[in-house]
């Protein structure tokens, strides 16, 4: 009887879908956890059938998605260009070193 009277009287509790009367909702949301690096940008690329079949072969070989293969390819391209620049810089430095050594050897001789 008291439950019926409580139901009919206005009260401060609110109804939250599957929750019982008066139960507070938790602040934690359900679903996938948020990513540290969300991939929100979408790009479209036109490719011919040959490139698409090569991309699919890479996805099968690496057991990953097309997007991951493309990301890894971009990263590999950037790291290889950095390595080439390092090698060029190192070879220039070595060349300068040997030139200076030759000059010193000629001066002392």
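Within segment 30-55, the set of residues being in contact with a helix residue (DSSP H, G or I) (Cβ under 8 Å, 6 or more places away or on another chain) and surrounded by 10 or more Cβ atoms within 10 Å (Cβ to Cβ) comprises 47, 55. Out of the residues in segment 62-89 meeting the condition of being touching a helix residue (DSSP H, G or I) at 6+ places or on another chain (Cβ under 9 Å) and assigned to a helix (DSSP H, G or I), tell me which one is farthest from residue 41 (Cα to Cα). This residue is 62.
Residue-by-condition table, conditions (1) at pLDDT 95 or above; (2) under 18 Å from residue 39 (Cβ atoms):
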| site | (1), (2) |
| --- | --- |
| 57 | yes, no |
| 74 | no, yes |
| 77 | no, no |
| 80 | no, no |
| 84 | no, no |
| 87 | no, no |
| 90 | no, no |
| 100 | no, no |
| 104 | no, no |
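The values are calculated or read from the model by the stated rules, or taken from the named source; none is laboratory data. None of these values were measured; they are calculated from a predicted model. Note: ideal-geometry Cβ built from the backbone for every residue, glycine included; neighbour counts use all protein chains shown.
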